[in-house]
Structures are given as C-alpha cells and as structure tokens.
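Structure record follows, encoded as structure tokens.
The values are calculated or read from the model by the stated rules, or taken from the named source; none is laboratory data. Nothing here was measured: the structure is a model prediction, and the numbers come from that model. Note that each Cβ is placed from the backbone with ideal geometry, even for glycine, and that neighbours are counted across all protein chains shown.
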Amino acid sequence: MFRETLFYLLIVVAGTSGELCVTRAMKTIGEVTDFRPMSLLRVIFRAMKVGWMWIGIGQMALAFFALLGLLSLENVSLVIPVTALSYAFGALGGRFFLGECVTPQRWAGVLLVCIGVTLVFIGKG
Amino acid sequence: MKPSLGLRFKTYLLILFMVVFGPLGDVLLSKGVKNVGALSTWAPSNLFLFFRAVFASGTVWAGIGSLFTFFIAYILVLSWADYSYVQPASSVAYGVVALLGYAVLRERITATRWFGIAIICAGVFIVGHTSPRTTEP
C-alpha cells in the first residue's frame with residue numbers, strides 16, 4: 001500500500017507542478033496562430049529554450065515513471081481517474097502561480113471532477 | 001473577456017487531440033507494462049531489469065508515441081488557453097480510458113465507477129462553458 005500511495009503522490013504533485021511550469025513556459029512564447037508544420041517546429045524549439053519548460057518536463061518525467069510503476073500494480077481504469085485529484089492542485093496553481101481568474105463556475109466544475117474521482121476510487125471492483 | 005469563435009474552435013480541436021491520444025497512450029503503456037509483469041522489489045538491479053524490459057516493448061513505444069502527440073497538442077493549446085481550463089476540460093479522457101480499459105484490456109468496471117466517470121464529465125461540461133482564456137495574451 002505504501003508503494004501505491006507514493007506513486008499516486010508523485011503522479012499528482014510532480015505531474016501538476018510540471019504542467020504548471022510548462023504552461024508558464026508556453027505563455028512566455030505567446031499564442032500559436034500558425035499551424036503549418038515548420039512553424040510548429042519553430043514554436044517547439046523556442047519553447048525548449050525557456051527554463052520553465054525544462055523544470056516542467058523534469059517533473060513530468062518523474063510523474064511518468066511513477067505512472068509506469070503504478071500501472072504494473074493497478075488497473076488503468078482505476079489509476080488514471082484517481083490521478084484526477086490533481087485538478088484541485090491545478091486550479092490552485094492556475095490561480096496563484098499563473099494568475100488565472102478561476103471563476104466560481106470553474107471551481108464548481110473542478111469540485112464535481114474531484115467527487116467523480118472519489119466515486120471511481122470507492123467503486124474499485 | 002468574451003472568447004472569439006476562432007479561439008473556442010482551435011481550443012476544442014486541440015483538446016480533442018488530447019482526449020484521443022492521451023488515453024490511447026495510457027492504454028498502450030498499461031498493456032505493455034502488464035506484459036512485463038509487476039515490479040516486485042525496489043532493488044536497483046531489479047528496477048534496471050524492469051525498465052529495460054519495459055523499453056524493449058513495442059507496445060510501450062507505441063504508447064510513448066501516442067503520448068508525445070498528446071503532449072504537442074497540450075503545449076500548443078496552453079500557449080493561449082488557461083491551465084485551469086484545459087486541465088479539467090481534457091478530463092473527458094477518463095471516459096475514453098474506461099471504455100478502452102473495458103474493451104481492450106477486459107478490465108472490470110463497476111456501476112459506481114461508471115457513475116464517477118459521469119460526474120467527472122459533468123464537471124468538464126461546466127468548466128467547458130467558462131472562457132478558455134482569462135489572462136492577457
């Protein structure tokens with residue numbers, strides 16, 4: 001049980017922090033408006049020069065290896081929904097780390113997602 | 001800030017990519033890792049053997065390819081949309097994961113879990129009706 005809990009924590013905490021850092025990196029790049037392959041490649045190369053991107057990728061890689069370990073122990077249809085607890089962390093991170101306006105309506109959606117996740121966990125067959 | 005039709009369209013399109021390729025990658029990874037077997041101990045030599053076997057699996061690499069496609073769509077949409085919008089909006093993927101787990105991996109999914117997934121989708125529906133972008137471009 002300790003192993004599973006550690007893996008879940010790594011997936012939720014490191015995964016969400018990583019995504020927040022990647023978002024900050026992409027916001028410094030600016031809105032992508034040209035979707036031609038060469039333009040997209042240029043955007044990706046520019047993004048790779050932003051420090052936040054590498055901090056984010058490092059944390060997401062850690063979460064990925066934790067996911068691999070957990071998938072060897074649990075069913076995918078249980079593992080993936082339980083990691084949705086990261087929505088609560090994500091909304092907080094969006095508000096305080098990225099300065100987004102998380103409206104009451106958005107919080108309500110996040111709350112429903114968290115309830116759904118709990119039900120998925122309780123319903124483990 | 002009222003989002004334009006174009007902004008909504010490209011946001012939904014990239015989230016659709018995420019919803020398709022994310023779950024597909026997860027299921028392929030799961031199938032590949034299950035074939036390798038459970039990680040029994042944390043000994044470094046055992047960890048090395050486990051990951052060597054994992055990365056020798058074609059199914060695992062197909063999963064990684066699918067997740068890479070997901071990641072590109074993800075970082076592109078985050079260049080304009082809020083993280084607190086994209087993250088919950090893309091959780092429709094949970095329904096897709098459950099369906100794929102049931103159809104491909106023959107996993108058992110109880111009624112409570114299906115209900116939980118339905119609640120998650122309702123949350124996504126509510127988030128989807130907020131503006132994708134609340135910060136200045």
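Of note:
- Filter pass, B:GLY128 being surrounded by fewer than 24 Cβ atoms within 10 Å (Cβ to Cβ) and modelled with pLDDT under 80: no
- The residues in the range A:1-23 that are under 23 Å from A:MET48 (Cα atoms) and at the interface with chain B (Cβ under 9 Å from one of its Cβ atoms) can be counted, and the count is 5.
- Filtered residues of the range A:85-122 (kept if closer than 20 Å to B:TRP80 by Cβ and of a type in the set (Ser, Thr, Tyr)): A:THR103
- Helices (runs of 4 or more DSSP H) (entirely within the range A:1-97) containing at least 2 residues that are among the aromatic types (Phe, Trp, Tyr): A:2-9, A:51-71, A:86-96
- Scanning the range B:12-44 for residues that are crowded, with 21+ Cβ neighbours inside 10 Å and away from chain A (no Cβ under 11 Å) returns B:ILE15, B:MET18, B:VAL19, B:PHE21, B:LEU24.
- Check on A:LEU85, among the hydrophobic types (A, V, I, L, M, F, W, C), more than 7 Å from every other protein chain (Cβ to nearest Cβ) and buried (at least 20 other Cβ atoms within 10 Å of the Cβ): yes
- Residues of the range B:38-95 satisfying the condition of being small (Gly, Ala, Ser), in a helix (DSSP H, G or I) and at pLDDT 85 or above: B:ALA53, B:GLY58, B:ALA62, B:GLY63, B:GLY65, B:SER66, B:ALA73, B:SER84
- Index of the failed condition, B:ARG106 passing every other in (1) without any contact (Cβ under 8 Å) to a residue 60 or more places away in the chain; (2) in a helix (DSSP H, G or I); (3) not aromatic (Phe, Trp, Tyr): (2)
- Verdict on B:PHE9 being of a type outside the set (Lys, Arg), under 23 Å from B:ILE75 (Cβ atoms) and without any contact (Cβ under 8 Å) to a residue 12 or more places away in the chain: yes
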